[in-house]
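Just below is one structure, and these are the notes that go with it.
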Amino acid sequence: MSAPNKQDVHIRLSRRSVLEGLGLVAAGLGLEVVLPSRADASPMPMPTSLPEIPANGLRANVFVHVAPDGRVTIVCHRSEMGQGVRSSLPVLIADELGADMAHVKVVQGDGDAAYGDQNTDGSSSVRKIFDDLRYAGATARTMLVAVAAKRWKVSPAECEARDHAVFHKGTQRVLKFGELATDAAKLKVPEKQAVTLRPRSELKHLGKELPLLDGPDIVRGHATFGADISLPFMVTAVIARPPVAGGKVARYDATKTLAVPGVLKVVELPAATKPFLFQPLGGLAVVAEHTWAAMRGRAALDVTWEGGDNATYDSEAYREQLLEVIGKPGKVVRNVGDAEAALAKAAKRVQATYNTPHLAHAPMEPPAAVARVEHGTCEVWATTQNPQAARSEVAKALGMDPSKVMIHVTLLGGGFGRKSKPDYVVEAALLSKAVGKPVRVQWTREDDVRHDYYHSTSAQRLEAGLDASGKVVAWHQRIAFPPIGSTFSDATFAGDGEMGQGILDLPLAIPDIRMENCEARAHTRIGWLRSVANIYHAFAVQSFIDELAHAKGTDPRDTLLEVLGPSRIVTPKDLGVAKVPNYGQSLDEHPVDTTRLRRVIERVTGLARWDERKQQGRALGLAAHRSFLTYVAVVVSVVKDANEHIRVDEAWIVADAGTIVNMERVRAQMEGAVVFGLSLGLYGQITMKDGATVESNFRDYRLARIAETPRKIHVDIIPSDGRPGGIGEPGVPPVAPALANAVFALTGTRVRELPLVKTVKV
Amino acid sequence: MSIRLRVNGTQHDLDVDPEMPLLWALRDLLTLTGTKYGCGQALCGACVVHIDGAAVRSCVTPVRRAEGRDVMTIEGLSPDGSHPLQKAWVELAVPQCGFCQAGQIMTAAALLAKKPKPTDAEIDQSLAGNLCRCGTYTRIRSAVKKAAGLPNE
């Protein structure tokens, strides 16, 4: 992906320019203006909501275009943030079409509802639209085949599309896609019922190790991220935001700031009000000729803040509050039998409490956006997971119709959920309007760590009853964490979505179960972070099952398998819930299947030689979790180094994610998930005092470094032709509990609070 | 004040505050955006470039320190992506989001220039200052070894 550069001095927001960018304008149409100048300049795809569609070539739908010269253009409408979506979705479309990837150009889709949902989160890009994207390719194929069949006066059934051409099976006559495109464009686009998907065996790239589309650009420094956009006359803004979410500027003096060479202006932004939604936090923007001047100007600001409602928030005190909350009954969200009675008559009771802190996303690329407001339009380039929300939020903030707002999506230097929230995009738009020039908003690392939509902090109390034989006969769990809903309303109870991430859908072969959702009010902006509530749910549940094993004196793997129960499909009735949210997908297609969970556990413990661990003197920990419709089990090995510090030595991760599109990127995601899980398990912690975040940069918000990464991460993917599950997130939840369980195996110290660094030497 | 420096073989005279970090001079004044801002405090390594062949953190290096010297950024490491590290990085599909990788590659390039056959410990030590939030570290290690012609276990 490349970006407009200084050569694109007079880009106009014309249909022509966007068509040019898509490569959809053929010569000879008699339109003037040729833009942009760089042959590979791409990020100006046509907003598909525009009614005008180029007359030449086949555009069967918003995703795929076949030009008369044979070039196929495929739009990737989801954001690339490292999960490999640009190296996966377009190949799936091309496979259905029968296109040769050597002649396919992938372009990044703008934010536009015509693509359907573009919010790149929830590990949804394959699992939710696998069939839709196949139909996009298959529809174009059906039209090309129809033209070839008509020319040859044969039935379409006698034709096949492959290698960028249509072949007549009987006579081996061939027509290239390009030769068919113009006539195919004259056909009526067939209804879905008239389009047949290929049998899986004909999807020749499906499940293979596919090339990394942007790899060559990345290693040469040519890939374009949010802050890399440069427009003529652009200025840069760095913003001093209220340290407390919901706070505001009390008074300020910008004299020293305005004296900094290169500083142009100080602009006060409106304060945010509750609920925070995707509003910018307000504050003072220092607009300057370049980033360094803006940073120096901000440092020179004399500003006094008013704290607002959240100014007394103290995360350590809040931790104690949550512990009190889970000491009392909450709303029962899951009930089977009578857990209270079963506990009362249990031979043995085991009880434990688990805590997890707030976390920051800290993508390597801090938030950044460029906006140009002019002539009643706003054009934006941004590192965003959610370009449609960016579009609607910008439109709302500027009082503009959304059709006047264009959002171009750059590569994302990491997202992890942070970049689903377009507050920083709105900042750029407001500032461009205020100064009448294109504005780049650059968040510093301190801004990123201090003004995040934080992963929630949690407390959970678990209690189990064992009968005389040691069988687990009762399970009681209370859960409290400020919900994501608090960012969008005055919610103080977690919603089904968050409870559906490892609580409502947790298979347990236990006759009496009660789970309670306890009230927790938020005092900062809460957001979703890679794998979301699964992080604390899996940490509590998978740690507790390991504790039960030790209480019972049985092997942790055997105990886990026993508690999860035999191979079966678990229904909402079995679970004792009205409904399983199931990540927005049907239980018919994606049931809660313990066969699959058991299989990943058995597989991972086999690979890690679990049964030989004692003879080998190894300290291993195990955890398994279903999330985003994918089943993952992890084994972590820990050792003590010469300084008695605990180090993670090796890790194994096994996933059953159903059908895989790009095996290579799936493996990469699982490797990365292990490191992400280790970062939050070992070090991750955001603390808040007087309503403000204490940590500020990687010095105190610590992430795993290369030497803290296992020397080997073994990834194994279960072969499957089942419905695809999520990939980006499901690897994360089992990592921290597997780590904590390994630490217990090594040291006998039970870690019930994340990060581990609070309890043990790491 | 004018600062004269060579970047990727091209001489530039920059009219710039000599205290401006080299990072921002490269990114904002020369539009060489391959070098990334990640922390501004020499904590993450996304901004690593070479000055006279040595890896430096450009986010904390005043541009005056590069005066009269040779600066190399990721864009100048090879004309066509053919540096052994760049090739190994592509072959092993190291990048995920890609944001930190220029800094990782530039750090590794300075290591290999000094130590063509580094040990595992030397690789870890050399790259200890380079964060990757996507967690590509195991592949980074493998790619450095591959570029160095070392067996990967």
**OP:** Would you point out which residue out of A:724, A:719, A:733 is under 16 Å from residue A:622 (Cβ atoms), in a loop (DSSP other than H, G, I, E, B) and not small (Gly, Ala, Ser)?
**Re:** A:733
Original post:
From the set of residues in segment B:81-128 that are of a type in the set (D, E, K, R) and at the interface with chain A (Cβ under 8 Å from one of its Cβ atoms), which is nearest to residue A:368 (Cα to Cα)?
Top reply: B:124
Subject >> Test result for residue B:4, out of contact with any His (no Cβ under 6 Å at 6 or more places or on another chain), surrounded by fewer than 17 Cβ atoms within 10 Å (Cβ to Cβ) and more than 10 Å from chain A (Cβ to nearest Cβ) >> reply: yes
Original post:
Of all residues in segment A:199-258 being buried (at least 22 other Cβ atoms within 10 Å of the Cβ) and of a type in the set (Ser, Thr, Tyr), which is farthest from the other protein chains (Cβ to nearest Cβ)?
Top reply: A:257
**OP:** Mind listing whichever residues of segment A:626-647 are closer than 20 Å to residue A:600 by Cβ, aliphatic (A, V, I, L, M) and either in a strand (DSSP E or B) or not assigned by TED's automatic domain parsing to the domain that holds residue A:501 (or both)?
**Re:** A:632, A:633, A:634, A:635, A:636
Original post:
What tally of residues in segment A:580-611 results from selecting those that are in contact with a helix residue (DSSP H, G or I) (Cβ under 9 Å, 6 or more places away or on another chain) and of a type in the set (A, V, I, L, M)?
Top reply: 6
Subject >> Pairs, first within 30 Å of residue A:526 (Cβ to Cβ) in segment A:458-476, second in a loop (DSSP other than H, G, I, E, B), C-beta under 7 Å, six or more apart >> reply: A:458/A:481; A:459/A:326; A:460/A:326; A:461/A:326; A:475/A:508; A:475/A:510
Subject >> Residue that is nearest to the other protein chains (Cβ to nearest Cβ), among those in segment A:658-716 that are surrounded by fewer than 22 Cβ atoms within 10 Å (Cβ to Cβ) and in a strand (DSSP E or B) >> reply: A:712
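Listed here are the residues, each with its yes/no results for (1) touching a residue at least 60 places away in the same chain (Cβ under 8 Å); (2) of a type outside the set (Gly, Ala, Ser); (3) in contact with a helix residue (DSSP H, G or I) (Cβ under 8 Å, 6 or more places away or on another chain); (4) crowded, with 18+ Cβ neighbours inside 10 Å.
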| position | (1), (2), (3), (4) |
| --- | --- |
| A:283 | no, no, no, yes |
| A:288 | no, no, yes, yes |
| A:306 | yes, yes, no, no |
| A:346 | yes, no, no, yes |
Original post:
Which members of segment A:65-112 meet the condition of being closer than 18 Å to residue A:660 by Cβ and touching a Ser or Thr at 6+ places or on another chain (Cβ under 6 Å)?
Top reply: A:78, A:85
**OP:** Would you mind finding the one in A:362, A:352, A:346 that is small (Gly, Ala, Ser), assigned to a loop (DSSP other than H, G, I, E, B) and away from chain B (no Cβ under 14 Å)?
**Re:** A:346
Original post:
How many of the residues making up segment A:648-657 are within 11 Å of another protein chain (Cβ to nearest Cβ) and either of a type in the set (Phe, Trp, Tyr) or at positive phi (or both)?
Top reply: 0
Subject >> Hey, residue A:479 at pLDDT 95 or above, assigned to a helix (DSSP H, G or I) and under 30 Å from residue A:309 (Cα atoms) or not >> reply: no
Original post:
What is the residue count in segment A:155-203 for residues that are part of a loop (DSSP other than H, G, I, E, B), over 40 Å from the mean Cα position of the chain (by Cα) and within 14 Å of residue A:142 (Cβ to Cβ)?
Top reply: 1
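Here's the yes/no breakdown for (1) over 22 Å from residue A:58 (Cβ atoms); (2) surrounded by fewer than 20 Cβ atoms within 10 Å (Cβ to Cβ):
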site: A:92; (1), (2): no, no
site: A:100; (1), (2): no, yes
site: A:109; (1), (2): no, no
site: A:113; (1), (2): yes, yes
site: A:120; (1), (2): yes, no
site: A:131; (1), (2): no, yes
site: A:142; (1), (2): no, no
site: A:149; (1), (2): no, yes
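Yes/no per residue for (1) of a type in the set (Val, Ile, Thr); (2) modelled with pLDDT under 95; (3) under 28 Å from residue A:98 (Cβ atoms); (4) surrounded by 21 or more Cβ atoms within 10 Å (Cβ to Cβ):
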residue: A:34; (1), (2), (3), (4): yes, yes, no, no
residue: A:53; (1), (2), (3), (4): yes, yes, yes, no
residue: A:65; (1), (2), (3), (4): no, yes, yes, yes
residue: A:69; (1), (2), (3), (4): no, yes, yes, no
Subject >> Candidates A:394, A:409, A:405 - the one that is in contact with a strand residue (DSSP E or B) (Cβ under 9 Å, 6 or more places away or on another chain), closer than 21 Å to residue A:276 by Cβ and buried (at least 24 other Cβ atoms within 10 Å of the Cβ) >> reply: A:394
Original post:
Do the conditions hold for residue A:176, that is, is it touching a strand residue (DSSP E or B) at 6+ places or on another chain (Cβ under 7 Å) and over 30 Å from residue B:93 (Cβ atoms)?
Top reply: yes
Original post:
Do we find that residue A:383 is buried (at least 19 other Cβ atoms within 10 Å of the Cβ), β-branched (Val, Ile, Thr), touching a residue at least 60 places away in the same chain (Cβ under 8 Å) and assigned by TED's automatic domain parsing to the domain that holds residue A:241 in this structure?
Top reply: yes
Original post:
If we scan segment A:262-272, do we find a residue that is within 14 Å of chain B (Cβ to nearest Cβ), within 25 Å of residue B:40 (Cα to Cα) and not aliphatic (A, V, I, L, M)?
Top reply: yes
Original post:
Under 8 Å by Cβ, and 6 or more places apart or on different chains, what pairs join a residue from segment A:89-104 that is assigned by TED's automatic domain parsing to the domain that holds residue A:197 with one that is buried (at least 24 other Cβ atoms within 10 Å of the Cβ) and charged (D, E, K, R)?
Top reply: A:89/A:78; A:96/A:141; A:97/A:141; A:98/A:141
Subject >> Residues within segment A:482-525 that are farther than 18 Å from residue A:572 by Cα and part of a loop (DSSP other than H, G, I, E, B), tallied >> reply: 16
**OP:** Considering only segment A:653-703, state which residues are within 30 Å of residue A:248 (Cβ to Cβ), polar (S, T, N, Q) and free of Cβ contacts under 8 Å to residues at least 60 places away in the same chain.
**Re:** none
**OP:** For segment A:694-718, name all the residues that are of a type in the set (Asp, Glu) and farther than 30 Å from residue B:152 by Cα.
**Re:** A:695, A:700
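Yes or no, residue by residue, for (1) polar (S, T, N, Q); (2) outside any strand (DSSP E or B); (3) at pLDDT below 95:
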| position | (1), (2), (3) |
| --- | --- |
| A:277 | no, yes, no |
| A:287 | no, no, no |
| A:292 | no, yes, no |
| A:297 | no, yes, no |
| A:312 | yes, yes, no |
| A:319 | no, yes, no |
| A:324 | no, yes, no |
| A:342 | no, yes, no |
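The values are calculated or read from the model by the stated rules, or taken from the named source; none is laboratory data. Predicted model only: the values in this text are computed from it and were never measured. With ideal geometry, Cβ positions are generated from the backbone for all residues, glycine too; neighbour counts draw on all protein chains shown.
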